[in-house]
Amino acid sequence: MNKVVEMNQDNVNEKGYTLRALCSKDVFPMSKIISKIGINEFTKAFEGDDIKTLVASFGEDKNLDDAATIVGVTVALDIANVILGNISSCEQEIYSLLSGLSGMTKKDIENLPMNVFFEMVIDVIKKDEFKDFFKVVSRLFKSGN
């Protein structure tokens with residue numbers, strides 16, 4: 001881990017890396033990952049019974065912001081499960097995305113300790129921009145029905 005910190009001293013935090021905000025150029029590696037995994041796997045994250053139950057459990061007397069946060073976290077966990085379940089089929093694309101977001105080389109990403117690598121993947125999934133991307137994509141598929 002010290003090797004990564006030393007190599008990227010101006011681009012680290014206590015975790016050993018810093019992730020920049022997602023932007024339009026990240027759509028392309030994300031699309032490759034989604035393509036390899038299969039879009040149907042991701043759309044299931046938005047249509048699960050857990051999501052429907054959570055939404056239904058929030059009546060008018062509940063805070064809608066709380067509902068949105070809970071649903072967002074649940075969807076993010078479902079997406080993380082999809083990615084981790086299919087990680088081997090899109091290994092190079094994930095390295096490319098993480099490299100672009102962290103400023104680290106693909107080789108640095110490949111050599112991260114497993115716990116740091118998975119924490120980085122989860123940190124990307126938890127980013128607001130990541131969630132926003134999937135909200136927009138999910139609207140596209142819902143409008144097509």
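If you rank MET104, MET30, MET114, MET120 by fewest surrounding Cβ atoms within 10 Å, what's the result?
Ordered from fewest to most neighbouring Cβ atoms within 10 Å, MET104, MET30, MET114, MET120 come out as MET114, MET30, MET120, MET104.
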Quiz item: So for CYS23, CYS90, fewest C-beta neighbours within 10 Å to most, what's the order?
Solution: CYS23, CYS90
Practice problem: Going by C-beta contacts inside 10 Å, put GLU110, GLU93 in order with the fewest on the left. | Solution: GLU110, GLU93
Exercise. With 25 Å as the limit, write out which pairs from LYS106/LYS135; LYS25/LYS106; LYS15/LYS135; LYS107/LYS131 have Cα-Cα distances beyond it, or answer none.
Key: LYS106/LYS135; LYS15/LYS135; LYS107/LYS131
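Readers should treat all values here as calculations from the given coordinates under stated rules, not as data from a laboratory. Since the structure is predicted, the reported quantities are computational estimates derived from the model, not experimental observations. Methodologically, a virtual Cβ is constructed for each residue, glycine included, from the backbone with ideal geometry; neighbour enumeration extends over all protein chains shown.
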